[in-house]
Each structure stands twice: as C-alpha cells, then as structure tokens.
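The values are calculated or read from the model by the stated rules, or taken from the named source; none is laboratory data. Every value quoted in this text rests on a predicted model; they were computed, and no experiment measured them. Virtual Cβ from ideal backbone geometry, glycine too; neighbours counted across all protein chains shown. Heavy atoms of the whole protein, side chains included, go into the accessibility calculation; ligands, DNA and RNA do not. Shrake-Rupley method; radii C 1.70, N 1.55, O 1.52, S 1.80 Å.
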Amino acid sequence: MLMTEHMGNNPSRRHVLTMLAIASGLLSTACTISADFDHNDSQAPRYDPILNRPARVAWVFSSGGPRGFVHIGVIKALEELGLKPDLIVGGSAGALVGALYASGLRAAKLEALALDLGLLEVGRWAMFGEGKFDGAPIAAQVTEQIMAQTGQQVIEKMPIRFAAVAIEKASRKPIIFNAGHAGLAVQTSSAIEGMFTPVRIRGMQYADADLVVPMPVRLARAIGAVKVLAIDASAHEDKAPAGAQRFREGDLRKRALTLPDALAADVSLQPDFGYYVNTSKEFRLRCINAGYADTMAKAQILKALHA
C-alpha cells in the first residue's frame with residue numbers, strides 16, 4: 001500500500017507513516033467502532049494520580065514516524081544487557097512499541113513482527129468527523145496483542161508500568177493516560193492531527209502529542225521517574241544531505257521540542273540510521289540495527305544507570 005517516501009521531520013506525512021507502516025508491521029487489520037464514538041465507560045483511558053509512585057528507572061520512547069522502528073533495536077539491546085525499566089512512557093510510535101513491550105512482548109517477537117513483509121491496513125477511511133482515517137483498528141489490534149500476553153486490556157494491569165502521552169485537542173495541553181484501556185490509549189496517542197480522527201474520551205477530543213511534546217521525559221518525571229533513559233527517534237538535522245532544505249523547518253521545530261526533554265534525561269540516545277526514511281523491510285532492519293548498535297555501544301553507561 002505504501003511506497004518509499006523520502007522525508008525528514010515533515011510532521012503530517014511522517015506520522016501517517018508511523019501508523020500505516022510501524023503499526024502495520026506489528027499488527028493486523030480489524031474493523032471497529034465509528035470514528036467519533038465517545039468513550040465514556042469505566043475502562044476509557046484516564047490519568048490516575050493514585051498510580052503515581054517512584055519509578056527507579058523509566059524508559060521514554062519518542063514519536064518519530066517510521067524512525068520509531070529504532071525503539072525495537074534499543075529494546076533488543078537493553079534486554080540482551082539484562083536491563084529492565086520500572087516505567088515506560090511513550091508518544092505516538094513510542095506509545096505503540098512501549099505498550100506492546102510493557103505488556104510482555106519480548107524483543108525477539110517485536111522484531112519478528114516489525115520485519116514482517118506485509119504492510120497491512122491499520123486505518124480505515126473516516127466517513128464522518130475530522131481526519132482522513134479512523135485509527136480504531138490500532139486500538140483493536142493492540143488490545144488483541146495485550147490480551148494474548150496478559151489476559152486483560154487495561155494499562156494498570158500490565159507487568160511493567162506504562163503511560164501513553166497525548167494532547168487535549170482544544171487546549172493543546174498534554175495528557176498522560178496511565179490507566180484504562182491500553183489499546184485505546186495507544187490509538188489516542190497516535191491520532192495524527194489532520195490525518196486521523198481525534199479520539200473522543202468523556203466528551204473531550206484527544207490527539208497525537210508530537211507537535212507539543214514528542215519526547216515526554218519531563219512528563220515521565222512528573223509521574224514518578226527517578227532516572228530516565230530517553231530514546232529520540234528524530235532526524236539528525238545537522239547531517240541533512242544536499243536537497244533536504246525543504247525539511248529544515250520541520251527538523252528545527254522538532255529539535256526545539258525535544259531538546260529540553262533530552263537535557264532532562266539522565267541518558268539520551270539518538271541513533272543515526274540516515275536522514276531519509278521509507279517503509280521497506282530494509283529500512284526497518286536498518287533502524288532496528290542502528291538502535292541496537294548505539295545502545296550496545298553505551299552498555300556501561302546504561303548498566304550504571306540501571307544499577
């Protein structure tokens with residue numbers, strides 16, 4: 001369905017590829033409820049301050065479109081090093097990968113799913129409401145994966161504490177979902193503005209937080225993280241090749257947003273796997289390998305962080 005796309009940090013096109021590439025590599029198709037359904041039942045995603053408590057080490061996974069495959073390589077290396085988090089916080093692509101890992105999927109399974117050759121549909125045309133696509137199949141299939149691991153579907157029952165980050169669409173205020181339906185929380189965190197229909201929860205619309213807080217380190221601190229490892233999946237704008245000037249504005253916007261959170265992390269990784277991206281298996285493998293190699297190169301630092 002998707003062809004190669006050369007781009008840097010173009011916000012809308014980059015994030016369409018997030019769910020139509022990363023999620024399609026990890027998940028399968030489903031049909032679900034209408035695009036603008038108001039989720040107001042007892043399991044709807046929510047922020048529950050009662051669940052906040054100190055987390056000795058948190059892993060924070062950024063947004064980043066197809067670059068988000070790098071998170072799988074980082075997880076692969078960390079798992080090989082015998083390192084585990086007490087908390088995972090993610091946004092958009094980072095929320096998707098983070099939720100699956102927090103539910104119990106190991107790195108080998110994540111990698112195998114990510115390298116599957118099929119790019120399957122994870123969105124459907126939105127017949128009503130905002131956005132061109134309805135991302136409800138993402139929620140359905142994340143739920144299926146989590147149910148297979150844990151036998152339940154709510155965040156607070158996951159083996160590893162998890163939080164997905166989104167924004168309240170009208171106010172642009174970041175919101176942390178650390179309780180309630182995990183699949184729906186991931187869908188909400190991945191609801192790319194202008195492309196995917198916002199998710200309505202208890203009467204309020206929520207969307208992808210990439211344009212506000214793409215790497216939520218300070219939000220992780222706010223819910224208890226003591227030490228933070230941050231994984232930045234954004235482009236290395238200083239290595240942009242000739243001809244990439246049209247992406248410069250997006251690169252600099254993203255850097256202005258990620259820099260304060262990178263400085264707030266104890267350790268920040270930004271693996272380099274080239275400026276341009278696409279959805280091919282070769283690119284996915286390159287992302288995973290770069291994440292793995294960069295993490296292993298910092299093994300001693302990371303072991304000290306987790307000690």
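Structure above, values below:
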quantity	calculated
Cβ-placed point charges (K, R +1; D, E -1), dipole of the range 179-307 about Cα centre in debye, nearest 20	220 debye
Under Karplus coefficients 6.51, -1.76 and 1.60, residue-wise ³J(HN,Hα) of the range 284-290 in Hz, glycine/proline x	4, 5, 4, 4, 4, 5, 5
Hz values of 3J(HN,Hα) by residue in the range 57-71 - Karplus curve (6.51, -1.76, 1.60), Gly and Pro given as x	9, 10, 9, 10, 9, 7, 6, x, x, x, 4, x, 4, 4, 4
Other-chain or far-sequence residues with amide H under 5 Å of GLN205's (modelled H)	LYS169, ALA170
The range 157-307, accessible surface, carbon-and-sulfur percent (1.4 angstrom probe)	59 percent
